[in-house]
Each structure stands twice: as C-alpha cells, then as structure tokens.
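**Student:** Got a structure for you, questions after.
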Amino acid sequence: MHTHIMPKNPPKWSEKFGYGGFIHLDHHKPGFARMMQDSKFFREIESNCWDAKIRIPEYEKFNTQYQVICTIPVLFSYWAKPHDCLEISRFLNDDIAEHYTAYPKNYIGLGTIPMQDTDLAIKELERCKEIGMKGIQIGSNINDKNLDEDQFFPIFEACQELDMAVMVHPWNMMGKPSMEKYWLPWLVGMPAETSRAICSMIFGGVFEKLPGLRVCFSHSGGSFIGTIGRIEHGFNCRPDLVAIDNNVNPREYLGKFWVDCITHDEKALQYVIDHVGSRKVCLGTDYPFPLGDLEIGKFVEEGPFSEQVVEDIMQNSTLDWLGMTVDDL
Ligand SMILES: [Zn+2]
C-alpha cells in the first residue's frame, strides 16, 4: 500500500511558471534519470520509478499482485503558488490514473492535492474520486504547518464524506538543515515527522471529530508507537500543555488508524501489532526506493507470525483502509 511512481516526462514547471524549485528529470542514459531540483541533483532513479509495465514482474516475484501507487513526496509542491500546485497535482494524478486504467489488476491509485489551498485541495480531491482513486497521499506537515491547523479540517472532512482514504507520508523533514550528514533527515527526521503528524491529528481532535476518517501512517507510524508511553505520560502530567484541544488519552487512538509494516525488524513489527492490532497493519514497501522493503514482506512471511496476522498484513488491512473488499479486486 505504499509505493511511489512519477511521470516519465514531467514538464519543466519552472519554465512554465516563471520561478524555480520544481523537480524535473534528466534522462541521461537509457533506463536511468536524475531527479533535478533546478540545477541541483536530488536523486538518481531507474525506469521502475515511471514505467508501470516494468514494475509488475519485479513485484510479482514476491507474490504481490497489486501495488497502491502514489507520487514521490518531493513532488507535492505545496510551497508553490496554489494554482500552479493544482496544475502539477492534476498532471501527477492523471499519470497515476493512466496506470491503473491500463493495468486494473495490478494498480490502485492515491492522488495528491494542493493542501496549501483548502478550496483547491477539495476540488482536486473530488476529481480524484471521480477518476477512480481510492484516496490521497499528503505530507506530514504542510509548509511547516501541522495537520491540526483549522485550514486542513475541511479537507479531512471531505475525505470522510467522499470515503477517500488518507496516507500520511513524512517529507520536508524538521531539523534537516542542521543534520544533512549521515542521511539523518531520512533516518531520524522521517520517523519524527510521522509522529508529529499523528500527535497533531490526535491532540487537535481530528480523529475525535471525524471517526469515519481512514488514515494510514507511513513507516509503521514513525516514532509514535515506540514513544506512546512518553506521549501518554506527557498528556497525563501536563494536560495544560497537551490536552488543550482534546481531552482523550492518546493511547485510546491506537487501533483507530492504520500503519504500514515497514520496520525492517520482526520484533519491532510484533511491538506495532501488539499496539494497534494486525488488522491495522498494511503491507507497505516504499518500492522502488532503497530504504524500502524491496523483498516485499519476506520478513513478515518468514517471521514468527500466525497465518491470520500474515493474511491481515498482506491483504485485509489495506482493503479495510481503502474501503474495499476482495470482491472489488
Ligand atoms: Zn514512501
């Protein structure tokens, strides 16, 4: 339920919009491209990052039939002018729609929306629904604003209303400028970002007000589940700081949202399952990126988990989160 894809030939948005900061691709040799942010190198990618057909045999090797696809967070473009971000979102979403239309037995799509503008975001959310997407992917913060900000609530409300699932992915990592070395934004910043998103949605009362909203958090909820004891203790000892918008103990929300299984560690995964239940843990991979679980759930199948737990992770939890059943496949 957590894989990334992007268009092979995105326009040079900076030329179109007249300002920089956007990602374009430099196809410098067959099958490979450099993701470039203006003239700055961001990441080398291979054709499995844009070619839906090439991907299928790669994940079929691991007995996987479906991938839920969404864009790469660096393409969210929340920082851009809202109408420009809407245009980019539409382009990315149409590309994803082409893939699940061409291969309906192999792909399910999540859209991206211009979160920095509530009205435009809802407009594109509605279009995503119309073109057959099952949900959206959003960032763990929106231009450094947390997900409990009032401006995001109508978007979550619309997701609940439209029966659209939400995946929260870390990006724009806190502390990045002061910890570039050792890949720390990815290793330290990302888990913290995801915990920031979960705490914001809990303490801001988003889950409390929208009990039908189905949210899945990347990378097993980041550092949230591992630090739930501390978070609950903080809630109890300093309610004047923590419980100002929602007086429900944060532990109560364990089992009310979904997480993926990307822990790379069977004991960590067992701990996650103990806290949220196997029916809330989805098979995620972060394919095709190297920090992901590119052996697609092998550690789950080989780990000390019951058949039921494995079946929940491999299929049932993702279907629940997407609001689907086996008959929809
Ligand atoms: Zn990812």
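**Student:** Please find, among ASP117, ASP148, the residue that is at pLDDT 95 or above, out of contact with any Leu (no Cβ under 9 Å at 6 or more places or on another chain) and of a type outside the set (Ser, Thr, Tyr).
**Tutor:** ASP148
**Student:** Could you tell me whether GLY303 is out of contact with any Ser or Thr (no Cβ under 6 Å at 6 or more places or on another chain) and in contact (Cβ under 8 Å) with a residue 60 or more places away in the chain? Let's see the steps before the verdict.
**Tutor:** Details: out of contact with any Ser or Thr (no Cβ under 6 Å at 6 or more places or on another chain): yes; in contact (Cβ under 8 Å) with a residue 60 or more places away in the chain: no.
Taking the combined requirement at face value, the residue does not satisfy it.
**Student:** Follow-up. ALA80 passes all but one of (1) of a type in the set (Gly, Ala, Ser); (2) loosely packed, with under 13 Cβ neighbours inside 10 Å; (3) at negative phi; which number fails?
**Tutor:** (2)
**Student:** With respect to VAL309, is the statement that it is buried (at least 18 other Cβ atoms within 10 Å of the Cβ), at negative phi and β-branched (Val, Ile, Thr) true?
**Tutor:** Numbers: buried (at least 18 other Cβ atoms within 10 Å of the Cβ): yes; at negative phi: yes; β-branched (Val, Ile, Thr): yes.
Yes; evaluated as a whole, the condition is true for this residue.
**Student:** Please work out which residue is surrounded by the fewest Cβ atoms within 10 Å (Cβ to Cβ), limiting yourself to the range 312-329 and to residues that are touching a helix residue (DSSP H, G or I) at 6+ places or on another chain (Cβ under 9 Å), modelled with pLDDT of 95 or more and not in a helix (DSSP H, G or I).
**Tutor:** THR325
**Student:** Pull out all pairs, ordered by first then second residue, where Cβ-Cβ is under 8 Å, the residues are six or more apart or on different chains, the first lies in the range 149-164 and is under 22 Å from GLY109 (Cβ atoms), and the second is of a type in the set (Gly, Ala, Ser) and crowded, with 17+ Cβ neighbours inside 10 Å.
**Tutor:** Taking only residues 6 or more apart or on different chains, the pairs are ILE155/ALA121; CYS159/GLY135; CYS159/ALA165; MET164/GLY135; MET164/ALA158.
**Student:** Please tell me if CYS159 is surrounded by 18 or more Cβ atoms within 10 Å (Cβ to Cβ) and closer than 24 Å to PHE224 by Cα. Break it down stepwise before answering.
**Tutor:** Numbers: surrounded by 18 or more Cβ atoms within 10 Å (Cβ to Cβ): yes; closer than 24 Å to PHE224 by Cα: yes.
Considered against the rule, which asks whether it is surrounded by 18 or more Cβ atoms within 10 Å (Cβ to Cβ) and closer than 24 Å to PHE224 by Cα, CYS159 comes out as yes.
**Student:** Moving on. Looking only at the range 244-270, count how many residues are closer than 27 Å to PRO288 by Cβ and touching a residue at least 60 places away in the same chain (Cβ under 8 Å).
**Tutor:** 3
**Student:** I need the full set of residues from the range 65-93 which are β-branched (Val, Ile, Thr) and within 16 Å of the ligand (Cβ to nearest atom), in order please. Walk me through how you get there before you give the answer.
**Tutor:** As a first pass, look at the range 65-93 and keep what is β-branched (Val, Ile, Thr): 68-69, 71-72, 74, 88.
Within the range 65-93, VAL68, ILE69, THR71, ILE72, VAL74 meet the criteria.
**Student:** Kindly indicate the residue of the range 275-308 that is hydroxyl-bearing (Ser, Thr, Tyr) and not in a strand (DSSP E or B) and also farthest from the ligand (Cβ to nearest atom) among those meeting that condition.
**Tutor:** Ranking the qualifying residues of the range 275-308, first place goes to SER306.
**Student:** Would you point out which residue out of VAL272, VAL259, VAL248 is outside any helix (DSSP H, G or I) and surrounded by 22 or more Cβ atoms within 10 Å (Cβ to Cβ)?
**Tutor:** Working: VAL272 fails: outside any helix (DSSP H, G or I); VAL248 fails: surrounded by 22 or more Cβ atoms within 10 Å (Cβ to Cβ).
Testing whether each residue is outside any helix (DSSP H, G or I) and surrounded by 22 or more Cβ atoms within 10 Å (Cβ to Cβ) leaves just VAL259.
**Student:** So GLU149 clears everything in (1) more than 16 Å from the ligand (Cβ to nearest atom); (2) more than 25 Å from ILE228 (Cα to Cα); (3) not basic (Lys, Arg) except one condition, right? Which one?
**Tutor:** (2)
To keep it simple, each residue is scored yes or no on (1) acidic (Asp, Glu); (2) within 16 Å of the ligand (Cβ to nearest atom); (3) under 16 Å from GLY284 (Cβ atoms); (4) at pLDDT 95 or above.
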position	(1), (2), (3), (4)
TRP183	no, yes, no, yes
PHE217	no, yes, yes, yes
SER220	no, yes, yes, yes
PHE224	no, no, yes, yes
PHE235	no, no, no, yes
ILE262	no, yes, yes, yes
GLN270	no, no, no, yes
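**Student:** So, in the range 163-217, of the ones that are farther than 17 Å from PHE152 by Cβ and polar (S, T, N, Q), which residue ends up surrounded by the most Cβ atoms within 10 Å (Cβ to Cβ)?
**Tutor:** SER195
**Student:** Mind checking which pairs have a first residue in the range 274-295 that is over 17 Å from VAL168 (Cβ atoms) and a second that is within 16 Å of the ligand (Cβ to nearest atom) and not in a loop (DSSP other than H, G, I, E, B), Cβ under 6 Å, 6 or more apart or different chains?
**Tutor:** Hits for this filter: TYR287/THR3; PRO288/ASN48; PRO288/CYS49.
**Student:** Would you mind finding the one in ALA97, ALA52 that is of a type in the set (A, V, I, L, M, F, W, C), more than 16 Å from the ligand (Cβ to nearest atom), within 22 Å of ILE296 (Cα to Cα) and surrounded by 16 or more Cβ atoms within 10 Å (Cβ to Cβ)?
**Tutor:** Values: ALA97 fails: within 22 Å of ILE296 (Cα to Cα).
Only one candidate qualifies: ALA52.
**Student:** State all residues of the range 3-49 that are under 19 Å from ASP286 (Cβ atoms) and either among the charged types (D, E, K, R) or surrounded by fewer than 12 Cβ atoms within 10 Å (Cβ to Cβ) (or both); if no residue qualifies, say none.
**Tutor:** The answer is ARG43, GLU44, GLU46.
**Student:** Would you mention how many residues in the range 38-66 are among the small types (Gly, Ala, Ser) and not in a loop (DSSP other than H, G, I, E, B)?
**Tutor:** In the first step, residues of the range 38-66 are kept if they are among the small types (Gly, Ala, Ser); the result is 39, 47, 52.
Of the ones still in play, those that are also not in a loop (DSSP other than H, G, I, E, B) are 47, 52.
So the answer is 2.
**Student:** Quick check on this structure: which one of LEU75, LEU86 is modelled with pLDDT of 95 or more, aliphatic (A, V, I, L, M), touching a Pro at 6+ places or on another chain (Cβ under 6 Å) and on the phi < 0 side of the Ramachandran plot?
**Tutor:** Just one listed residue meets the conditions, LEU86.
The values are calculated or read from the model by the stated rules, or taken from the named source; none is laboratory data. All figures in this text were calculated on a predicted structure; none of them were measured in a lab. Virtual Cβ from ideal backbone geometry, glycine too; neighbours counted across all protein chains shown.
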